[in-house]
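Encoded as structure tokens, here's the structure I'll be asking about.
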Amino acid sequence: GENVEQHPSTLSVQEGDSAVIKCTYSDSASNYFPWYKQELGKRPQLIIDIRSNVGEKKDQRIAVTLNKTAKHFSLHITETQPEDSAVYFCAAGQNFGNEKLTFGTGTRLTIIP
Amino acid sequence: EPEVTQTPSHQVTQMGQEVILRCVPISNHLYFYWYRQILGQKVEFLVSFYNNEISEKSEIFDDQFSVERPDGSNFTLKIRSTKLEDSAMYFCASSDLGDRGPSGANVLTFGAGSRLTVL
């Protein structure tokens, strides 16, 4: 089955600086890579996703890159703000309408004002 | 915005007792899921359900777990004889082929979760 590794487990960044979170996956059949943000005690919420036919995607301050050959993908947050503080999970799946997502272990991002 | 709703938000039970967690998926969604998250750990897939049957399940989803769609709106997770290690947040999710996100892929919408504490 799929195995997703995520690093780092914790990350502290000065407000305004950039944050990068990296994930690797094992199953070459995975073709869908979402990122979820989870605030304390809340549900995971999708913030950005990418499919394997795209190498990079950007949405305002958030970008995701995918390297299919190396089987790794990364989340980049620029101009970080205090409200970016949360746990971020990467995930991998095969998007055939049966979304068994395999999640990474999470990164606790703390933005220092 | 449509939501997945879950009840109860928190349940405390004694080891060995049966628990039923309830979910109301988004009304036009056809695929339903249960995930769980042990405190401080990652979200783990339990089971997916489509067309009134289980389409996939993980090794966590053993014989003590079952799912059911008893009517046109509810989707339930039953744990027959709870164990201490079943203590976790259980998330229901739903999706539909017509509900696509920015990348064009199916989007899972999660409920707020049901926290299960087994004593």
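Which of the aspartates and glutamates could be linked to residue A:42 by a straight reach, that is with a Cα gap under 18 Å, when you skip same-chain ones fewer than 8 residues away?
Cα-Cα hits under 18 Å: A:83, A:84, B:1, B:3, B:44.
If I take R0 = 41 Å and measure r between the Cβ atoms of residue A:68 and residue B:14 in this structure, what FRET efficiency does the formula 1/(1 + (r/R0)^6) give, to the nearest 0.05?
The computed FRET efficiency comes out at 0.25.
Find, among the GluC sites (Glu not before Pro) in region A:46-85, those assigned to loop by DSSP (not H, G, I, E, B) with at most 15 other beta-carbon atoms within 10 angstrom.
Details: sites: A:56, A:79, A:83; in loops: A:79.
Sites meeting the loop and neighbour criteria: A:79.
Around residue A:68, what is the net charge, scoring Lys/Arg as +1 and Asp/Glu as -1 over all other residues with Cβ under 13 Å from its Cβ?
After counting each charged neighbour, the total is 0.
Under 8 Å for C-alpha pairs, at least 6 residues apart: give me the relative contact order for region B:1-85, rounded to a whole percent.
Reported relative contact order: 33 percent.
Which of A:67, A:31, A:53 moves the most in a Gaussian network model of chain A with Cα springs under 10 Å?
With Cα springs under 10 Å in chain A, the top fluctuation among A:67, A:31, A:53 is at A:53.
Something else: So which trypsin sites (Lys or Arg not before Pro) in region B:27-82 end up in coil per DSSP with only 16 or fewer other C-beta atoms within 10 Å?
Passing both the DSSP loop test and the Cβ count: B:80.
Using a 1.4 Å probe and counting only protein heavy atoms, how much accessible surface gets buried when A and B come together, both sides summed, in Å² to the nearest 100?
About 2000 Å² of accessible surface is lost on pairing.
Considering only Cα-Cα distances, which of the following residue pairs are longer than 18 Å: A:100/B:57; A:22/A:71; A:71/B:42; B:57/B:78?
Where the Cα-Cα span goes over 18 Å, the pairs concerned are A:71/B:42.
Let me ask something else about it. Which is the longest stretch in chain B that no exposed loop site breaks, taking sites as GluC sites (Glu not before Pro) with a DSSP loop state and at most 16 other Cβ atoms within 10 Å?
Of all site-free stretches, the longest is B:60-119.
The values are calculated or read from the model by the stated rules, or taken from the named source; none is laboratory data. None of the values given here were measured: they were computed from a predicted structure. Because the Cβ atoms are built from the backbone with ideal geometry, glycine has one as well, and the counts that use them run over all protein chains shown. Just the protein is used for accessible areas: all its heavy atoms, side chains included, with ligands, DNA and RNA removed. Shrake-Rupley method; radii C 1.70, N 1.55, O 1.52, S 1.80 Å.
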